[in-house]
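As structure tokens, the structure follows; a few thoughts come after it.
The values are calculated or read from the model by the stated rules, or taken from the named source; none is laboratory data. Everything numeric here is computed off the predicted structure, so don't read it as measured data. Reconstructed Cβ throughout: ideal geometry from the backbone, glycine too, with neighbour counts over all protein chains shown. SASA here: full protein model, heavy atoms, side chains in, ligands and nucleic acids out. Shrake-Rupley method; radii C 1.70, N 1.55, O 1.52, S 1.80 Å.
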Amino acid sequence: MNGWSLVYEGFDPAQERLREALCTLGNGYFATRGAAPESTADGTHYPGTYIAGGYDRLPSVIGGRTLEHEDLVNAPNWLPLTFRVSGGPWFSLADVEVLSYRQELDLRRGVLVRDLRARDAAGRTTRVRSVRLVHMATPHLAALETSITPEDWSGPLEIRAALDGRVVNDLVARYRHLAGEHLVPVETAAVGSDGIFLKVRTRQSEIVIAQAARVRVFEGDRRVGETRPAHEEPRHVARDTVVPATAGTTVRIEKIVALYTSRDRAISECGLEARTAIARAGTFAELLHAHGLAWHHLWRTFDMELEVEADPVTPRDGSLATAALVRLHIFHLLQTVSPHTRDLDAGVPARGLHGEAYRGHVFWDEVFVFPFLNLRMPEITRALLLYRYRRLEEARVAARAAGYRGAMFPWQSGSNGREETDTQFFNPRSGRWMADHSHLQRHVGAAIAYNVWQYYEVTGDLEFLVDYGAEMLLDMARFWASAATYDPRHERYEIRGVMGPDEYHDRYPGADQPGLNNNAYTNLMAVWVLARAREVLEVLPATVCRRVCDRLAITDEELAEWDTISRRMRLVFHADGVLSQFEGYESLAEFDWEAYRRRYGHLYRLDFILEAEGDSTIHYKLSKQPDVLMLFYLFSADELRSLFERLGYPFDEQTIPRNINYYYARSAHDSSLSRVADSWVLARADRPASWDVFMEGLVTDVADIQGGTTPEGIHLGAMAGSVDVLQRCYTGIELRGDVLWLDPRLPAPLRRLRLFVRYRGQSLVLELEADALQVSAMHCVAPAIRVGVNGQVHEIAESESRRFVLK
């Protein structure tokens, strides 16, 4: 193994869907799971192709009620390519003896390679090699090259290539009560002597999806074979080519595919564009070269070099070097969001473009994704923030409907920004439906405001703040001011009836209505947003400030109110000074962790476990994932001290460790995001523990440690967030006062770290060891930047390098 490959030896049907998710290929515009080209959706395989922003709504009857839900649509499968010999059965791994099998995801080049040898029922031995790509340079193209070598037989070889629009959304078992047939037929056709064409339309959103494929067969460089008329039926088109195969001679098939939709820019009609694209496309070798070159340049921006003790890590599926795991996470981030995202109206699906979990919706995972992108390719962050800006009016409508002012963004977002959260979810342990109140996680809006400001802090992109960011942040400040109510008993403002990030507490025991009061994370994030709103107005040019305030009808009186609320928000504390997760948390019962671990082992989905027992997580001091601890993930000690002092609450050197120790011991660590935040908050006080948790985070998806969730789609926030632990946490990167501060504290096993970052237009290479840091600015025309190390601020200009001995 090297640091650039994910390799599977042997065919394991039970693991195939996990491998398909982890071997997904994409380019930010669309992605395709790593399913075998000859496979169809069954108990083993699930081919899936997902287009960024490609949503559709369908009605479903649930409990006698008709409810509408929205899915990221499983688009037509462009992969199908199979073969048969002498009119026998079409090739399937289920019907042959597999003599050898190897699958490799090549991270460096962005290709998936499969090599196998199989013996059929007639005793014929055949070697099959396939190489596929989803083109990173030309986002509408994908390609598959399959080489078939008869080892001990000769005879007619029939090759079938197809485009299959009969697919449905059926990957996730718990959604199968929902309607999933999103595609209706529009057109099928043969294209010239070597092509096929398929066009379908989504039912409600009426997105037209067109695919065209060019299929050519070669022996060496010579085209061979007799192509037959196309087989056409609604939503499916196939074409066969017959070749006289000879033992020892390889037959090579090139399938080049173009995918366009009616949502695309700079097109006439998506079907015409798809047909034109395959006519103009080069050979597989030419496409592979351009694709590899695009990945080469991406890795120059996004790669990390690290030297680690006790390497390699050994997850369940084989030995992967730590560097390969880090690159795998970066790779899958770039499958979902890439430079092509700049031209799209799309958000960050929590499970990537890799499956159908969470129905492809956008949550708050951006807060874990954007920090990594900000310091590498902030143009991607900018485009993704515009996804939120374009849905600002929908958030304003939602706020008014709920009795608030400003903008209230949804917990789950899809096509147009309406709330897509379900009202109930199914507990497979009990067979019962449970109420879902997670739409009360209003903190998602605070995360969006945080993302806006963090992007500005890294880039200094005043134009973005002027045109988009200020309006978003101000409207979210207005929302929090309207959500806060004054309590004369405490002479403070409160926020009532919400949920924090924890998700295991959505109401009080015995309460008829959902919601919690004075969630610490929510209240402090609201204070931060209100404080930043004033700062935004100070940053804007005077004429722009007036224009924005006039447009939003923001008055001096309203600004004064925001300032007052931001200084008088209520926080609740335990008797011993621990920050209460929410009002009343201290009175809950302690949970018997050891007893439940003895009974159930890993406590995944404690809410399911307790509900099946007739109990509920709301009765106990426990959490699914960091809630209070998220404050120590998002803010430095200095920033938190400033917020506490603003509110007039004490903050001493024990505040952070006291709260970390208390809440870490009461967490089920039940979310993939837990390990990101946990490793971060442990980093300063307990670096060995932080590193252990970080390494657990690296294998979350590769080892599918959550027991079957990864086959439904990778956990994108956890992947990006784990890499960002390396990028910002262990390097000690903080953005304060137009200074890039660096305070590295490498865990002992991490001997060396080298990475590339961009800050205020400067491109920097950071090289870290246990006792030294080197900062090298690359050649560019950006002005000098200020970098803080060891408490001192230094100015670094282009092409300059500084080495610091760490204190």
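Within segment 301-415, which helices (runs of 4 or more DSSP H) (wholly inside it) include 1 or more residues that are among the hydroxyl-bearing types (Ser, Thr, Tyr), more than 28 Å from Gly445 (Cβ to Cβ) and open to solvent by less than 10 Å² (accessible area, probe 1.4 Å)?
On the way: elements: 322-336, 366-374, 378-389, 392-401.
Qualifying helices (runs of 4 or more DSSP H): 322-336.
Matching residues to (1) at positive phi; (2) part of a helix (DSSP H, G or I); (3) out of contact with any Gly (no Cβ under 8 Å at 6 or more places or on another chain):
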| site | (1), (2), (3) |
| --- | --- |
| Ser671 | no, no, yes |
| Val681 | no, yes, yes |
| Ile705 | no, no, yes |
| Gly717 | no, yes, yes |
| Ser722 | no, yes, no |
| Pro744 | no, no, no |
| Arg752 | no, no, yes |
| Arg758 | no, no, yes |
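I'd like the full set of residues that are touching a residue at least 24 places away in the same chain (Cβ under 8 Å) and open to solvent by less than 20 Å² (accessible area, probe 1.4 Å), limited to segment 678-698. If you could, list the steps in order and put the result at the bottom.
So in segment 678-698, the residues touching a residue at least 24 places away in the same chain (Cβ under 8 Å) come out as 678-681, 683-685, 687-688, 690-691, 694-695, 697-698.
Selection gives Asp678, Ser679, Val681, Ala683, Ser690, Trp691, Phe694, Gly697, Leu698.
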Problem - Of all residues in segment 770-783 being among the aliphatic types (A, V, I, L, M) and modelled with pLDDT of 95 or more, the one that is surrounded by the fewest Cβ atoms within 10 Å (Cβ to Cβ) - result: Ala772
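Restricting to segment 237-264, what's the tally of residues that are over 30 Å from Glu151 (Cβ atoms) and either touching a helix residue (DSSP H, G or I) at 6+ places or on another chain (Cβ under 6 Å) or buried (at least 21 other Cβ atoms within 10 Å of the Cβ) (or both)?
Quick first cut of segment 237-264, residues over 30 Å from Glu151 (Cβ atoms) only: 237, 258-264.
Cutting the leftovers down to either touching a helix residue (DSSP H, G or I) at 6+ places or on another chain (Cβ under 6 Å) or buried (at least 21 other Cβ atoms within 10 Å of the Cβ) (or both) gives us 237, 258-262.
The total comes to 6.
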Practice task
Pick out the one residue from His490, His439, His505, His443 that is open to solvent by 10 Å² or more (accessible area, probe 1.4 Å) and in contact (Cβ under 8 Å) with a residue 60 or more places away in the chain.
Solution key: His490
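Results for (1) surrounded by 18 or more Cβ atoms within 10 Å (Cβ to Cβ); (2) out of contact with any Cys (no Cβ under 6 Å at 6 or more places or on another chain), shown as yes or no for each residue.
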residue	(1), (2)
Pro80	yes, yes
Gly87	no, yes
Ala94	no, yes
Leu105	yes, no
Leu112	yes, no
Completion exercise
Within segment 662-677, residues over 21 Å from Tyr730 (Cβ atoms) and open to solvent by 20 Å² or more (accessible area, probe 1.4 Å) come out as Tyr662, Ala665, Arg666
Exercise for the section: Can you confirm whether segment 10-20 contains a residue that is touching a residue at least 40 places away in the same chain (Cβ under 8 Å), in contact with a strand residue (DSSP E or B) (Cβ under 7 Å, 6 or more places away or on another chain), more than 11 Å from Pro711 (Cα to Cα) and crowded, with 19+ Cβ neighbours inside 10 Å? Expected result: yes
Handout entry: Sole residue being at pLDDT 95 or above and surrounded by fewer than 18 Cβ atoms within 10 Å (Cβ to Cβ), chosen from Ser616, Ser566
Key = Ser616
Problem - Any chance Glu471 is out of contact with any Phe, Trp or Tyr (no Cβ under 8 Å at 6 or more places or on another chain), open to solvent by 10 Å² or more (accessible area, probe 1.4 Å) and not small (Gly, Ala, Ser) - result: no
Exercise for the section: Could you please find all residues in segment 526-562 being of a type in the set (Val, Ile, Thr), within 21 Å of Ala484 (Cβ to Cβ) and either in contact with a Lys or Arg (Cβ under 9 Å, 6 or more places away or on another chain) or not in a loop (DSSP other than H, G, I, E, B) (or both)? Expected result: Val527, Val529, Val536, Ile554
Problem - Scan of segment 188-216 for residues that are buried (at least 16 other Cβ atoms within 10 Å of the Cβ), out of contact with any Asp or Glu (no Cβ under 7 Å at 6 or more places or on another chain) and either of a type in the set (Gly, Ala, Ser) or more than 22 Å from Thr32 (Cβ to Cβ) (or both), ordered by number - result: Ala190, Gly195, Ala210, Ala212, Ala213
Fill in the blank from the handout: Restricting segment 724-742 to residues that are more than 26 Å from the chain's Cα centre (by Cα) and at positive phi, the one surrounded by the most Cβ atoms within 10 Å (Cβ to Cβ) turns out to be Asp738
